[in-house]
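The values are calculated or read from the model by the stated rules, or taken from the named source; none is laboratory data. The shown structure was predicted, so the numbers you read here are calculated from the model rather than taken from an experiment. Cβ atoms come from the backbone with ideal geometry, glycine included; neighbour counts cover every protein chain shown.
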Amino acid sequence: MYKYFCTILILISILSLSNLDTLANTPANYSGEGGDDARNEIAIFLGLTTNKDATAGTFGVDYQHTLSPLVGLGLVLDHAAGDIKSTLLAPALFLHLLSWEVTLAPGIEFVDSETFFVFRGGIAYEIKLPYFSIYPAINVDFERGGEPALVYGFGFGMEF
């Protein structure tokens, strides 16, 4: 079951990336979702990572470049410290659906001296404020041969 689920998520990611030129076909002067020529966003994530054995505090930094009102590309860097010690680095595809944001991110996770392939799928709800945004987020990290980890918390982002 796990193998099929991961395969489906990877196929969705590949299909989304293959249609990127169609989704990103917007005027050259597209100013991003926040207006004022804001096409980039940097965010700090604070939350928890939980798997079947333990829970750890998680700190992360996300970067996103908005290509169109529907699609953004970026990078996710998360570090869990406590009972779980790991660092995730993943390129990410962000799909925007009204105030909802879906994250699809195949990446690598560093645990002690080992490296694992991880696929992150997640959803967040962005609340825009005058100078920044807040978003509660829930992500699931699927590691081949391992137990999925739930990553949840709040992000604080700023567009530029």
Pick from segment 121-158, criterion within 12 Å of the chain's Cα centre (by Cα) and among the small types (Gly, Ala, Ser), ranking: surrounded by the most Cβ atoms within 10 Å (Cβ to Cβ) = ALA124
query = strands (runs of 3 or more DSSP E) wholly in segment 52-160 with at least 2 residues that are at pLDDT 95 or above and within 17 Å of ASN40 (Cα to Cα) - which ones?
reply = 55-66, 71-82, 86-97, 100-111, 133-143, 149-159
query = Just a yes or no: is a residue in segment 94-106 touching a residue at least 40 places away in the same chain (Cβ under 8 Å) and touching a Cys at 6+ places or on another chain (Cβ under 8 Å)?
reply = no
note = In segment 74-86, residues that are free of Cβ contacts under 8 Å to residues at least 40 places away in the same chain and closer than 21 Å to VAL102 by Cα total 4
query = Restricting attention to segment 38-89, and to residues there that are over 15 Å from the mean Cα position of the chain (by Cα), over 17 Å from PHE154 (Cβ atoms) and hydroxyl-bearing (Ser, Thr, Tyr), which single residue is surrounded by the most Cβ atoms within 10 Å (Cβ to Cβ)?
reply = SER86
ask   = Name the pairs whose Cβ atoms lie under 9 Å apart, with the first residue in segment 141-160 and on the phi > 0 side of the Ramachandran plot, the second of a type in the set (A, V, I, L, M), and 6 or more positions between them or separate chains?
value = GLY153/LEU46; GLY153/LEU48; GLY153/ALA137; GLY153/ILE138
key: Search result, residues across segment 47-81 that are among the hydrophobic types (A, V, I, L, M, F, W, C) and in contact with a helix residue (DSSP H, G or I) (Cβ under 9 Å, 6 or more places away or on another chain)   = LEU67, LEU70, VAL71, LEU73
request  = Those residues that are over 14 Å from HIS79 (Cα atoms) and surrounded by fewer than 12 Cβ atoms within 10 Å (Cβ to Cβ), I need them from segment 103-114; list them, please.
outcome  = SER113, GLU114
